[in-house]
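Remarks on the structure that follows.
Each reported figure results from applying straightforward, stated rules to the coordinates on display, with no laboratory input. Not measured: the values here are computed from a predicted model. Glycine gets a Cβ as well: all are built from the backbone with ideal geometry, and neighbour counts include every protein chain shown.
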Amino acid sequence: MVDLRKLEALVAVVETGSFSRAAEKIHLTQPTISGHIKALEEYFGLRLFDRHTRSVNPTRAGRLLYDYAKKLLLLYRELEREMAYFKGEKVGKLDLGGSTIPGQYILPQLIADFRKAYPGISVFLKVGDTKEIIEKVREGELEIGMVGAQEEDPELVFEACCEDEIVLIAAAQNRFSRVSLEELPELPLIAREPGSGTWRTALKALEEKGLSPQKLTLVAEMGSTEAVKQAVKAGLGLAFVSRKAVEEELSRHEIQILPLKGLRIRRHFFLVYPARRTLSPPAQAFLNFYRKDL
């Protein structure tokens, strides 16, 4: 029988394209990852990866095994959730997801408080962009997510939870103290990747004020809030970010908020969970815990 942990290692290597990043993703050492892949190759008698200097790419056999491994791991997670019903809500495993802002600035403290109330429940937190987390909840890889935007999907429930404000930031030494919507297209702007809920919300708010995204002067696209903040501090340009993400930088006077005349961007974060699948007892306990904490 193939060890599920070895299949998990293979999935991580395919999705990250690297043995070292795969090790970080599933909290194993790189030699352990290499050992798992070697064991799978010996078991099937096939080469599963082409190893190059800078990348690791699955062979056709490796890609086929990856597809089946994803299905097997998903079935195993469903099995764990079903078995959790027999143990009750106080024990089990909970897979959560958070888009960048909730995943970094809201959920860690919430999980810590939840674990004090339910020490028998282990929690895994996956952080990604809004689009990725919604997709993983839809596929069943995650039971609950917290994201910065909602979609129209009858398979999912989006429950508004905490509020957030999206602000325009600049380096502390920036010469502007306030920006108008008319001036914004002339200024260098740092974008987030298309899957970012923060970026999607900011663009929607600008469009509602009659400012087309095509008119913006984009100088870079960053894949994380931290990268955006570093680029702003370096003077590359301005950026729209969650206020929750810049509290420390504001207190240290490393950046400044530039008020936008005639526009204040507020949004809700949303808890997202399946509409037609019954949540496991740990997941339901987490939802109840969050709702009581409001």
Checklist entry - Does Ala112 satisfy being touching a Phe, Trp or Tyr at 6+ places or on another chain (Cβ under 8 Å) and surrounded by fewer than 16 Cβ atoms within 10 Å (Cβ to Cβ)? => result no
Checklist entry - Considering only helices (runs of 4 or more DSSP H) fully contained in region 10-102, which possess at least 2 residues that are polar (S, T, N, Q) and either surrounded by fewer than 16 Cβ atoms within 10 Å (Cβ to Cβ) or over 24 Å from the mean Cα position of the chain (by Cα) (or both)? => result 30-44
Item to check | Matching residues, region 162-176, being buried (at least 18 other Cβ atoms within 10 Å of the Cβ) and within 20 Å of Lys204 (Cβ to Cβ) | outcome: Asp164, Ile166, Val167, Leu168, Ile169
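Among the residues of region 193-207 satisfying the criterion of being touching a helix residue (DSSP H, G or I) at 6+ places or on another chain (Cβ under 6 Å) and touching a residue at least 24 places away in the same chain (Cβ under 8 Å), which is surrounded by the fewest Cβ atoms within 10 Å (Cβ to Cβ)?
Going through the qualifying residues, I end up with Gly195.
Is it the case that some residue within region 208-219 is under 29 Å from Lys292 (Cβ atoms) and free of Cβ contacts under 8 Å to residues at least 24 places away in the same chain?
No, the conditions are met nowhere in region 208-219.
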Checklist entry - Of the residues in region 177-192, how many are assigned to a loop (DSSP other than H, G, I, E, B) and either exposed (fewer than 14 other Cβ atoms within 10 Å of the Cβ) or in contact with a Pro (Cβ under 8 Å, 6 or more places away or on another chain) (or both)? => result 4
